[in-house]
Amino acid sequence: MTAITRLTVLIPEVEPAHWWQRARQNRRGAVMDRALRRHTDAVVRRLRMRS
């Protein structure tokens, strides 16, 4: 019998109110998302919160 464990990763991000503010935001969430999806079987969700 095999136990199945699924890891879920939530990455919080702040979404700017205006399009011109996006250049100031840190893109670390996107980098972490790509790395986790490429190297693990984890389920990755980016939780965007509007500022």
Self-check item: Cα pair distances exceeding 15 angstrom across the chain, given as percent
Solution: 54
Quiz item: How much FRET efficiency would the formula 1/(1 + (r/R0)^6) give for residue 43 and residue 22, where r is the Cβ-Cβ distance and R0 is 35 Å, rounded to 0.05?
Solution: 0.85
Quiz item: Percent of accessible area on the chain owned by carbon and sulfur, 1.4 Å probe?
Solution: 54
Exercise. Taking the Cβ of residue 48 as the centre, find all other residues whose Cβ is under 15 Å away and add up their charges (Lys, Arg: +1; Asp, Glu: -1).
Key: +3
Quiz item: Arranged from highest to lowest average of other beta-carbon atoms within 10 Å per residue, in what order do the peptides 12-22, 28-38 appear?
Solution: 28-38, 12-22
Self-check item: Residue-count net charge about residue 16 - beta-carbon cut-off 12 Å; Lys, Arg +1, Asp, Glu -1
Solution: +2
Quiz item: Rounded to the nearest whole Å², what accessible area per residue is found for the chain with the 1.4 Å probe?
Solution: 95
Quiz prompt | Förster-model FRET efficiency, 25 Å R0, residue 50 and residue 5, C-beta, rounded to 0.05 | solution = 0.15
Quiz item: Helix 28-39 versus the longest principal axis of the chain: what angle, 0 to 90°, nearest 10, using Cα atoms?
Solution: 20
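The values are calculated or read from the model by the stated rules, or taken from the named source; none is laboratory data. Computed from a prediction, not measured in an experiment: that's the story for all the values here. Every residue, glycine among them, receives a Cβ derived from its backbone with ideal geometry; neighbour counts consider all protein chains shown. Just so you know, the surface numbers come from the protein's heavy atoms only, side chains and all, with ligands and any DNA or RNA stripped out. Shrake-Rupley method; radii C 1.70, N 1.55, O 1.52, S 1.80 Å.
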